[in-house]
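Below is one structure, written out as structure tokens, with a few remarks after it.
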Amino acid sequence: MIVAYNIEPENAMKRFIHHYSSMCRGVLSCFDRIVFKGYLPVIRAEVLEHLLAQNGLLIKDFGRFVKQHSARILQHAQAAAEKAQRPMIYLKGRERKEDLVQKMVRDEGLREGLVCVLRTVEPCSSFNMMPGEGRPRLVSSRRKCLTFYFYFLDREMGLMHVRIQSWFPLNIQICVNGHELLARKLDRHGIAYRKEDNAFTWIADMPRAQRFADRLVRIPWHRRLKRFALRVNPLLGDLLKGMDYYWVTDQAEYATDVMFENPASLKPLYDQWLKHATLYFSAEDVLTFLGRKLHANFQGEVLTDSKKKRWPGARVKHRVKENWIKMYDKHGCVLRIETVINQPREFKVRRQGTRKGRTVMDWFPLPKGVAHLFRYAQIAKAANGRYLDALSAVQPPPRAAKVMQRLAEPVRRAKRSFRGFNPALVEDVEMFAALLRGENAIHGIRNQGLRQLLFGDATDPTVRRRHANRVSRLLKRLHVHGLTAKIPHTHRWRLTAHGTVVITTILKCHYERYPELLAALAA
């Protein structure tokens, strides 16, 4: 089933918090893990060939040239570790680097500077020499090379790492954590907080912390990333002098954390949300969360899967192509909704672009360039808000009984009485299921569309007119009971937030067959 989630994320979060205000400490929306990648101009074979020629080398000398400068990267990493008196560790297997480094930080009580340098052999994008007409040429290929991970405890960015491959084109990956960044900011401003792993469980000044989190997109990322590139790549000072890395956002995770008072408050609610998200969120819902519309030209997969063995609880992930939105609990007292963007071109940003040979300001696919990080935050925060709004429709059985019993009572308007709805009546349940269909959420509820869903497409004009009148009266009843609202300047209707909650609750009770609740409502 699908619900209309066309709301602002802030309003969605307010509605969710309104339901659970007595149990929540606050809500924080912040970047979590951000992976930046840097590419030098020598990523193109023709530029690298030109660099060889500048140094008086032929293309056949490429192998010797690469080995020589790969050795310089190794020597630089060894010198950096020795200067900081930190270890350089060679990893042979699939040991988790983050766990190793965090244990080192805890055991040694490190506060700032280089933590360690890890080196391992990994696949990389590089070049091979191939024979060509008249002379050999360089072509892109996948190879293996020695790769270095520099782990830093930065004064402003917290624990982070810089990965550099030792073979040309010397691509760099920099991974930072938004919650680490925010923690350092709170420390500098003297704001108290409690933090477990990469999640805050309490912040003394929540509004100010949210303002700091919102300003992360304003950081001059190009300068920050360049500073770290200079620390790990010695070739930028001589051989590659004048070249700069082009920085892109390879992956961005944006989390909205709802902090609960204690695990006892969150656990029973989380069990219901997990079941609701797994059983009832359809492909149309997932597309709507991520701001996409269902259309006939959509190509790709929309999948939902749950992982029940994750410690300390379960998580559910909804994936649309290579982007996804997840729900899981952190340390038993934080509900996290997290949107992960890997393919930004599935979304749009208003920017300058070329259309029909003219430069115009319009909505174009979102590029990966780091300058557009602000748009990542806008998209992900809106997606998290829609997801929270969908979860706010879940009502515990005692509250659901009150809501549905009130729905069954008649309502008087202008000296006229409108009868209620019976949540235990199959005819009403089928009508509610029809209202929640995807086309109604996207195009609005129309008399004709609802009539075809409920009664089919009658050929007799008299029967068709009778059905149309019946649906008109039904739409009026739904409006009087506050379940629907008129879309201005149209002949269409939409479900209200109250209607979404009520109808979703009715269908949950029907499909999950709460016998005691249905029996009470039927009586």
Angle in degrees between helix 97-108 and the longest Cα principal axis of the chain, rounded to the nearest 10
80
Relative to the longest principal axis of the chain, what angle (0 to 90°, nearest 10) does the C-alpha long axis of helix 62-84 take?
80
Please compute the per residue accessible area over the chain with all protein chains in place, 1.4 Å probe, rounded to a whole number of Å².
50
Could you tell me which of rounded, prolate or oblate describes the range 1-122, using a ≥ b ≥ c as the square roots of the eigenvalues of the alpha-carbon gyration tensor, with rounded for a/c under 1.5 and, failing that, prolate when a/b is larger than b/c and oblate otherwise?
oblate
Rounded to two decimal places and with Rh computed the Kirkwood way over Cα pairs, what is Rg over Rh for the range 322-369?
1.27
Given the pairs LYS67/LYS92; LYS92/LYS330; LYS103/LYS185; LYS321/LYS486, which are separated by over 25 angstrom at their Cα positions?
LYS92/LYS330; LYS321/LYS486
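Over the range 99-198, what lengths in whole Å, largest first, do the semi-axes of the equivalent ellipsoid take, defined as the square roots of 5 times the eigenvalues of the alpha-carbon gyration tensor?
Three semi-axes, in Å: 40, 14, 9.
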Ordering of 23-32, 49-58 by burial proxy (mean other Cβ atoms within 10 Å per residue, highest first)
23-32, 49-58
For ARG218 and ARG470, what is the calculated FRET efficiency with R₀ set at 56 Å and r taken between the beta-carbons, to the nearest 0.05?
0.50
When the Cα centres of the range 11-44 and the range 237-285 are compared, how far apart do they sit, in Å?
6
Can you pull the accessible area of ARG477 for me, 1.4 Å probe, Å² to the nearest 10?
30
By how many degrees, 0 to 90 and rounded to 10, does the Cα axis of helix 9-20 deviate from the longest principal axis of the chain?
60
Can you tell me which of 94-101, 469-476 comes out highest on packing, and rank the rest after it, using the mean Cβ neighbours within 10 Å?
469-476, 94-101
Over all directions, what mean area does the Cα convex hull of the chain project, stated in square nanometres?
33.3
By the mean-Cβ-within-10 Å protection proxy, highest first, 152-160, 382-390, 185-193 rank as 382-390, 152-160, 185-193
Near-label residues of the range 48-66 by backbone N, under 11 Å of a point 7 Å along Cα→Cβ of ARG143
62-66
Residues listed by number, the range 147-172, amide nitrogen under 18 Å from LYS226 label point at 7 Å toward C-beta:
172
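The values are calculated or read from the model by the stated rules, or taken from the named source; none is laboratory data. Quick caveat, the model's predicted, so the values are computed rather than measured. Cβ coordinates were reconstructed from backbone atoms using ideal geometry, including for glycine residues, and neighbour counts include every protein chain displayed. Calculation scope for accessible area: heavy atoms of the full protein, side chains included, ligands and nucleic acids excluded. Shrake-Rupley method; radii C 1.70, N 1.55, O 1.52, S 1.80 Å.
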